[in-house]
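Report on the following structure.
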Amino acid sequence: MSFQGYLNTIQAKTGLDADGLKAAADAAGLSEGGALKPGVKAGQVVAWGKGSLGLGHGHAMAIYALLSGKRAEGD
């Protein structure tokens, strides 16, 4: 599955597109301005994605990649 495929599935499950995910992560205290806060680890984002958003591990890791800037929407 492509990175964009992960984001599409996340949006279908949660209703949140990439900007919505960034805003939700900001509200959860994991990021600021859609960028991962210093010191926030992948495990914290994964736990949030699984717990709060009801996602699986791979989809939660895609959110980490989005917030950390390792991947961008459209990749």
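The values are calculated or read from the model by the stated rules, or taken from the named source; none is laboratory data. Just so you know, these numbers come straight off a predicted model, no measurement behind them. Every residue, glycine as well, gets a Cβ built from its backbone with ideal geometry; the counts of neighbours run over all protein chains shown.
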Looking only at residues that are under 12 Å from A62 (Cα atoms) and β-branched (V, I, T) in the stretch 1-45, which one is nearest to the chain's Cα centre (by Cα)? V45
Cβ-Cβ under 6 Å, sequence separation 6+ or interchain: first residue in the stretch 23-43 and within 12 Å of L66 (Cα to Cα), partner among the basic types (K, R) and exposed (fewer than 15 other Cβ atoms within 10 Å of the Cβ). Which pairs? S31/K37
Scope the stretch 1-18; condition under 16 Å from S68 (Cβ atoms) and either exposed (fewer than 14 other Cβ atoms within 10 Å of the Cβ) or touching a residue at least 60 places away in the same chain (Cβ under 8 Å) (or both); matching residues: F3, L7
Could you figure out which of (1) in contact with a helix residue (DSSP H, G or I) (Cβ under 7 Å, 6 or more places away or on another chain); (2) part of a helix (DSSP H, G or I) isn't true of N8? (1)
Single residue of the stretch 46-75 satisfying the filter (in contact (Cβ under 8 Å) with a residue 40 or more places away in the chain and at positive phi) that is farthest from the chain's Cα centre (by Cα): G74
Which condition from (1) outside any helix (DSSP H, G or I); (2) surrounded by fewer than 17 Cβ atoms within 10 Å (Cβ to Cβ); (3) at pLDDT 95 or above is the one that V40 breaks? (2)
Of (1) buried (at least 16 other Cβ atoms within 10 Å of the Cβ); (2) in contact with a helix residue (DSSP H, G or I) (Cβ under 6 Å, 6 or more places away or on another chain), W48 fails just (2)
Exactly one of these conditions fails for L55: (1) surrounded by 15 or more Cβ atoms within 10 Å (Cβ to Cβ); (2) in a helix (DSSP H, G or I); (3) out of contact with any Ser or Thr (no Cβ under 7 Å at 6 or more places or on another chain); (4) at pLDDT 95 or above. Give me its number. (2)
